[in-house]
Amino acid sequence: MKEIILYPIHSVVSLFEHIGRYCDLMIKTLRSFRTWHLYLGFLPEHMIKLGISTIPIVIVTGLFSGMVTTVQTAYQLESGFIPDSYVGGIVGVTVLMELSPMITALVMTGRVGASIAAEIGTMRVSEQIDALEILSFDPVSFLILPRIISGAIMFPVMIVIADLFGILGGYLAATISLGITPFNYIYGLRDWFMPWNAIFGIIKAFYFGIAITSIACYYGFYTSGGAEGVGKSTTQTVVASCITVVILDYLLAAILL
Amino acid sequence: MININNMSKSFDNRVILRNISFSINKGDKIAIIGQSGIGKSVLLKSIIGLLNPDDGDIFIDEQNINNISFRKLQKLRSKFGMVFQFGALFDSMTVGENISLALQKLTNFDKSEISDKITVSLKEVNMEGTEEKIPSELSGGMKKRVGIARAIALNPKYMFYDEPTTGLDPIMTDSINRLINNFHSKGDVTSIIVTHEMKTVRDVSDRVLMLHNGKIQFNGSTEDLFCSVDPIVMAFLNGDSTYEA
């Protein structure tokens with residue numbers, strides 16, 4: 001009974017502990033910018049791992065999220081009084097502002113975040129991080145900084161790709177299965193298009209990239225307890241990143257729109 | 001020289017080390033022994049600054065490593081070489097890259113000098129020709145030997161070995177013991193070996209420190225250890241699990 005009553009208190013204390021340690025690690029990461037030139041060589045490798053290798057997943061999720069948005073938008077506008085071109089317009093705005101950044105971020109949480117947490121966590125439990133320290137490397141600069149920079153650079157690139165394929169998916173669904181003419185779809189798309197919508201999506205991607213990679217690095221870096229600990233860190237990374245992405249999504253919308 | 005003064009360390013209210021004090025002189029070959037989980041590796045990791053003691057001071061070459069900046073600690077660590085229990089080789093790098101990583105950062109060697117150094121280090125541990133292999137292709141003993149090659153490539157003043165022979169067959173154990181002795185005899189090196197293998201203690205160390213219940217139970221020469229009449233030491237040496245201190 002006592003445990004049940006104390007559980008929420010322990011959870012809140014634990015949350016603040018995590019936030020405190022995360023902030024401490026991020027301060028160390030910012031400080032390690034002084035030695036960034038030593039680790040610049042590792043950046044391309046991380047950018048490839050984080051970005052290039054995830055392009056196929058981004059294309060598939062972007063394509064199908066665009067397609068399903070088109071079908072559902074058309075279903076909502078079935079009355080016949082609303083022009084077909086509205087479908088293109090609504091899909092364009094939705095994909096650029098919300099769907100691409102959000103779905104891509106959630107997919108990247110599972111693909112990239114989990115992979116980073118597992119990799120760094122394994123390094124921790126197999127004493128590779130200790131070995132780095134003994135070899136006079138700063139593990140924060142060596143392991144965390146390049147990954148966060150790669151996330152900040154590559155996530156916006158991924159979102160642009162997801163935007164393109166989301167709109168393409170919408171176009172394919174509209175013209176092939178809904179009978180909307182290519183002219184109407186593109187007319188609506190162009191008519192509703194505002195550059196800020198695309199920029200807003202890219203800004204979100206930048207913050208999502210930093211959040212997902214830094215949370216993954218945090219959980220990986222403080223892994224303990226062998227293989228079970230690595231699994232736990234990976235799960236915690238996915239859960240914490242998903243929650244953070246949703247909260248950030250709201251905050252950025254509230255601040256920037 | 002390493003001086004440890006009244007060092008204590010606890011984890012989750014469990015006292016692991018309690019007011020430990022001892023010193024290690026230049027050129028010593030000291031084995032730290034004791035039962036599993038008694039705090040041998042904690043002591044080793046505290047000496048090299050990977051863990052902070054709760055109390056007490058650790059001096060290495062007259063520098064208190066608990067009070068120095070991270071940068072100074074990194075500089076001090078350039079004098080250290082460490083062989084980890086399971087090798088701790090970087091999975092994503094080849095054997096050659098594992099050895100060259102620190103050489104690139106800590107020395108002014110050019111590419112050909114680094115390549116020569118890798119070859120020499122691997123030859124010293126009888127692992128020549130494995131530069132392009134990745135750690136997952138190596139056995140446990142080979143990983144430990146590469147770990148030794150990585151450590152000795154930097155010509156450290158202090159060599160730390162964490163369970164260097166645990167889990168190895170007798171031949172490989174002998175081979176690792178010889179490597180430790182060879183490297184020690186080559187230069188002005190101080191070796192600290194954490195182990196619970198009596199063969200390693202006998203073959204390698206000239207001084208032994210035995211930990212028991214968070215304290216130093218024995219601190220003396222290897223010969224004295226094997227002649228000790230202390231019941232706790234005798235129980236450990238004889239592998240007598242029925243004795244309880």
Of B:Lys79, B:Lys9, B:Lys75, the only residue that is closer than 26 Å to B:Phe183 by Cβ and in contact (Cβ under 8 Å) with a residue 24 or more places away in the chain is B:Lys79
Yes or no: B:Ile152 modelled with pLDDT of 90 or more and in contact with a helix residue (DSSP H, G or I) (Cβ under 8 Å, 6 or more places away or on another chain)?
no
For the stretch A:175-203, give me each residue that is touching a residue at least 24 places away in the same chain (Cβ under 8 Å), of a type in the set (A, V, I, L, M, F, W, C) and part of a helix (DSSP H, G or I).
A:Ile186, A:Leu189, A:Trp192, A:Ala198, A:Phe200, A:Ile202, A:Ile203
Go through the stretch A:127-137 and report how many residues are of a type outside the set (D, E, K, R) and part of a helix (DSSP H, G or I).
5
Those residues of the stretch B:82-122 which are farther than 22 Å from A:Ile120 by Cβ and touching a residue at least 60 places away in the same chain (Cβ under 8 Å), in sequence order:
B:Val83
Would you call A:Ile215 in contact with a helix residue (DSSP H, G or I) (Cβ under 7 Å, 6 or more places away or on another chain) and modelled with pLDDT of 95 or more?
yes
When you check B:Lys40 against the structure, is it surrounded by fewer than 21 Cβ atoms within 10 Å (Cβ to Cβ) and either of a type in the set (Lys, Arg) or at pLDDT 90 or above (or both), yes or no?
no
Is there a residue in the stretch A:159-174 that is within 28 Å of A:Ile120 (Cα to Cα), assigned to a helix (DSSP H, G or I) and within 14 Å of another protein chain (Cβ to nearest Cβ)?
no
For residues in the stretch B:101-120 being within 14 Å of chain A (Cβ to nearest Cβ) and touching an Asp or Glu at 6+ places or on another chain (Cβ under 9 Å), which is surrounded by the fewest Cβ atoms within 10 Å (Cβ to Cβ)?
B:Thr107
Name every residue in the stretch B:121-136 that is more than 22 Å from B:Phe80 (Cα to Cα), away from chain A (no Cβ under 14 Å) and β-branched (Val, Ile, Thr), in order of residue number.
B:Thr130
Take the stretch A:127-153 and flag every residue that is surrounded by fewer than 24 Cβ atoms within 10 Å (Cβ to Cβ) and away from chain B (no Cβ under 14 Å).
A:Ile148, A:Ile149, A:Ala152, A:Ile153
Of the residues that make up the stretch B:203-223, is at least one in a helix (DSSP H, G or I), within 21 Å of B:Ala151 (Cα to Cα), small (Gly, Ala, Ser) and under 19 Å from the mean Cα position of the chain (by Cα)?
no
Just checking, how many residues over the stretch B:58-99 are away from every other protein chain (no Cβ under 11 Å) and out of contact with any strand residue (DSSP E or B) (no Cβ under 9 Å at 6 or more places or on another chain)?
7
Would you check if A:Tyr218 is closer than 12 Å to A:Pro101 by Cβ, of a type in the set (Ser, Thr, Tyr) and in contact (Cβ under 8 Å) with a residue 40 or more places away in the chain?
no
Considering every residue within the stretch A:51-61, establish whether at least one is more than 21 Å from A:Ile210 (Cα to Cα) and surrounded by fewer than 17 Cβ atoms within 10 Å (Cβ to Cβ).
yes
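The values are calculated or read from the model by the stated rules, or taken from the named source; none is laboratory data. If you're wondering where the values come from, they're calculated on a predicted model, not measured in any experiment. Every residue, glycine among them, receives a Cβ derived from its backbone with ideal geometry; neighbour counts consider all protein chains shown.
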